[in-house]
Every structure is written in structure tokens, then in C-alpha cells.
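Peer 1: Take a look at the following structure, please.
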Amino acid sequence: MSTAPKTPRRVPMTVTFLEMKQRPPGPVPPQPRGKIAILRAEKPTVHFYRYLYDTVGKDYLWVDRKKLGDDALAAILDAPTLELYVLYAEGAPAGFAELDFAETDIAHLAYFGLMPDAIGRGLGAYFLYQACSICWSRPIKTLLVNTCTLDHPRALPMYQRVGFVPYAREDRYIELP
């Protein structure tokens, strides 16, 4: 029996582009209870990154990095302008933030999210604030991030509470493999 190749599904979404032009205003979100740590993954391996990306993004249809082969993804992870921070709660990964400093004066919060079991535990705003603070410890003038209607429904309001301001919206489609 011949199986026809599957046609990718097109899923509509609205992307909101946000910017921050100064350090996040206070108050600083309190550190959640328990053993919390944010560590930079100095030389993240492809399989560790895929674990983080796939686990955080599975409910939100994150596919961009899934389309990359291991060599292409390794080249991104090895770039000296990319920094990966992992949030740990009680010793286990609870989320990650990927920071991109490739552009002069601009930082990109390229990816940010929590593991499914970490959502609702008060970790998101704290981790986001800390990731933004890491960016602002550099000589930047603008911090950029985007989110879309496929992301967690609290993502956009949380970005805005931390100090990001929307500057554009765009309707797009993603192709699901």
C-alpha cells in the first residue's frame, strides 16, 4: 500500500513584537519558594537544547528549531553571541531563556518558556525579570521579544508587566511538519 506524503498543516497566528528601551522597572518579582537557580549553559549540547525546546514548546507548536538538522543547530548554539540560561527548581530544569546578542546595541530574548509542570508556580515573572536583567547588564539600548497567539495566554501580559511594550503585530502562518 502506497502512502502519500503528508501535507504540512498551516496554522494561523498573530505575532506581537515587543521592545524594552530601559531596564525593567520595579518591583522585582520575589524569588519563588524552594531551591531555585538560574545557570548559564556554557556549552549546551544539541540533545540538551532539544530536550528544553521540545518540552517547553510542545504545547505551543514551537517548530522552527525542530526543522534544523543537528549541525545547523549546533552552529547556532556555538555562536559566541548566544547565551542559554536554564531555570532550575528543586534541582530539575524548569525553563530556559535563549539570549541573542548578535546585533550591536540590541538584545533578543529569542526563546523563553517554562516546562509544563513549572507553570503556575510563580516562576515565570521571576525568571523573565532575571533574563531581562542579564540582557541589561550589557551595553544595549533595546531588548526585543515576540510572542504569538499560540503561546501561553499569560505570555503577552507577563511581558508587558515586566516592561515590554508592543510596537507591531503581524498575522502569519506556521507550517507544521
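The values are calculated or read from the model by the stated rules, or taken from the named source; none is laboratory data. Everything numeric here is computed off the predicted structure, so don't read it as measured data. For neighbour counting, all protein chains shown are included, and Cβ atoms are generated from backbone atoms with ideal geometry for every residue, glycine included. We work out accessible area using only protein heavy atoms, side chains counted, and drop any ligands, DNA or RNA first. Shrake-Rupley method; radii C 1.70, N 1.55, O 1.52, S 1.80 Å.
Peer 1: Name the residues in region 9-30 that are part of a loop (DSSP other than H, G, I, E, B), of a type outside the set (A, V, I, L, M) and either modelled with pLDDT of 90 or more or surrounded by 12 or more Cβ atoms within 10 Å (Cβ to Cβ) (or both), would you?
Peer 2: Of everything in region 9-30, those that are part of a loop (DSSP other than H, G, I, E, B), of a type outside the set (A, V, I, L, M) and either modelled with pLDDT of 90 or more or surrounded by 12 or more Cβ atoms within 10 Å (Cβ to Cβ) (or both) turn out to be K21, Q22, R23, P24, P29.
Peer 1: Continuing with this model, one more query. Which number in (1) touching a helix residue (DSSP H, G or I) at 6+ places or on another chain (Cβ under 8 Å); (2) over 28 Å from T149 (Cβ atoms); (3) open to solvent by 90 Å² or more (accessible area, probe 1.4 Å) marks the one condition that K66 misses?
Peer 2: If we test K66 against (1) touching a helix residue (DSSP H, G or I) at 6+ places or on another chain (Cβ under 8 Å); (2) over 28 Å from T149 (Cβ atoms); (3) open to solvent by 90 Å² or more (accessible area, probe 1.4 Å), just (2) comes out false.
Peer 1: Something else: Checking T16 against (1) closer than 26 Å to T142 by Cα; (2) among the polar types (S, T, N, Q); (3) out of contact with any Ser or Thr (no Cβ under 6 Å at 6 or more places or on another chain), which test does it fail?
Peer 2: (3)
Peer 1: Which members of region 146-164 meet the condition of being assigned to a loop (DSSP other than H, G, I, E, B), of a type outside the set (S, T, Y) and open to solvent by 30 Å² or more (accessible area, probe 1.4 Å)?
Peer 2: L150, D151, H152, P153, R154
Peer 1: If only one of L61, L84 is in contact with a Pro (Cβ under 8 Å, 6 or more places away or on another chain), in contact (Cβ under 8 Å) with a residue 12 or more places away in the chain and not charged (D, E, K, R), which one is it?
Peer 2: Residue meeting the stated conditions: L84.
Peer 1: Here are Y111, Y167: which of them is hydroxyl-bearing (S, T, Y), free of Cβ contacts under 8 Å to residues at least 60 places away in the same chain and touching a strand residue (DSSP E or B) at 6+ places or on another chain (Cβ under 7 Å)?
Peer 2: Y111
Peer 1: Mind checking whether some residue in region 48-57 is open to solvent by 30 Å² or more (accessible area, probe 1.4 Å), among the β-branched types (V, I, T), touching a strand residue (DSSP E or B) at 6+ places or on another chain (Cβ under 9 Å) and more than 14 Å from F112 (Cα to Cα)?
Peer 2: Within region 48-57, not a single residue is open to solvent by 30 Å² or more (accessible area, probe 1.4 Å), among the β-branched types (V, I, T), touching a strand residue (DSSP E or B) at 6+ places or on another chain (Cβ under 9 Å) and more than 14 Å from F112 (Cα to Cα).
Peer 1: Within the group E98, E170, which residue is part of a strand (DSSP E or B), open to solvent by less than 10 Å² (accessible area, probe 1.4 Å) and of a type in the set (D, E, K, R)?
Peer 2: Unique residue meeting the criteria: E98.
Peer 1: Continuing with the same structure: Would a scan of region 84-93 turn up a residue that is more than 21 Å from L143 (Cα to Cα), surrounded by fewer than 18 Cβ atoms within 10 Å (Cβ to Cβ) and under 17 Å from the mean Cα position of the chain (by Cα)?
Peer 2: The answer is yes; a qualifying residue exists.
Peer 1: I'd like the full set of residues that are basic (K, R) and within 13 Å of the chain's Cα centre (by Cα), limited to region 59-70.
Peer 2: Within region 59-70, just R65 meets the criteria.
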